[in-house]
Each structure stands twice: as C-alpha cells, then as structure tokens.
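The values are calculated or read from the model by the stated rules, or taken from the named source; none is laboratory data. Every value quoted in this text rests on a predicted model; they were computed, and no experiment measured them. With ideal geometry, Cβ positions are generated from the backbone for all residues, glycine too; neighbour counts draw on all protein chains shown. For the accessible areas, the whole protein counts, side chains as well, though only heavy atoms, and no ligand, DNA or RNA atoms are used. Shrake-Rupley method; radii C 1.70, N 1.55, O 1.52, S 1.80 Å.
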Amino acid sequence: MDSRTNKQNYYLDIADAVLERSTCLRRKYGAIIVRNDEIISTGYNGAPRGRRNCSDLGCCTRESLKIPSGERYELCRSVHAEANAIISASRRDMIGATLYLVGRDARTNELLSDAMSCSMCKRQIINAGIDRVVIRRTPTEYSTIPVSDWVDNDDSIFRL
C-alpha cells in the first residue's frame, strides 16, 4: 500500500511553506503554479518590491480601520499570493496549469478553511490560462475549482 502524501496535498504543503514568507499582519497566503508535475512559480502576499511591508511598519491599514475580510482591497499594501505567482511565470507556462493556494490567520497560524481568491485574483487567474485552483480546507482536505466556473459564473456582473 502506498502511504505517500497524494499529489494535491504535496503541492498544498509546498504552498503552505511558501506562505511563511508572507509579510501581512492579517492573513498569510501562499500559492504555487504547477503544470505537468513541475512547479512553475510561487508567490506569497506582501508589499510590492522596494516598499515597506506591514510587518515592518507594525500596522495594517485595513485592520486599523476595522475593514471586514474581503473588502476594500485598494487600501491593502500587499500584492496577493496568486498575483505574485502569476507575475513570476510566463503565460505560455501557465496555460492548463493548476494553482495551489493555502491561507492562514497571521496571528494564530490556523488554516483558513474558507480561503478563496478575491475577485481581482480570479480575473488574473482566468487571463493567465490556469485551468483549476486547489485550495486547502483542512490539513488533508481541499477543494478543486475549475476556473471555467469563474468564467461561467461571472461575479463582476451586478444583478438587481
């Protein structure tokens, strides 16, 4: 019997290690892009290169203003993990790839069982040509989302 970690959890474990580089005081995210069993790129959330990170400043604007999770990202200093992974890869290498994503609470280090790409990251993932996103829910459970679902169920269309 094969007792090895399955491929999805193997890659999620790597994304979990990547998030340790995060400089966010609120949420730590790690992402890796994999195609044909090869890691194409990695990314974690933090301020753009050359700018001071929230961890360096000792404060988070969104936290100070008590902005709920998922809102007012324009006030956030960070580039998201998914975006950083996409920036570090060529589109040619991302077409048909899988993005693995893990999120943790920055204070408690607990897994975020409801982790999800924001609407801006979803758009970038769609345009990058990534085929599916695998998100860790528990240490061994994960959700697999076909990116075509995000295309078909466009969350940027306002409906009355």
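Being farther than 20 Å from Leu111 by Cα, assigned to a helix (DSSP H, G or I) and open to solvent by less than 70 Å² (accessible area, probe 1.4 Å) is the filter here; which residues of the range 10-56 pass it?
Within the range 10-56, Cys54 is the sole residue that qualifies.
Exactly one of (1) assigned to a strand (DSSP E or B); (2) out of contact with any helix residue (DSSP H, G or I) (no Cβ under 9 Å at 6 or more places or on another chain) is unmet by Cys59. Its number?
Single failed check for Cys59: (1).
Within the range 18-39, can you find the residues that are under 13 Å from the mean Cα position of the chain (by Cα) and aliphatic (A, V, I, L, M)?
Within the range 18-39, Val18, Leu19, Ala31, Ile32, Ile33 meet the criteria.
Considering the range 90-115 alone, what residues qualify as being over 14 Å from Ser41 (Cβ atoms) and acidic (Asp, Glu)?
Asp105, Glu110, Asp114
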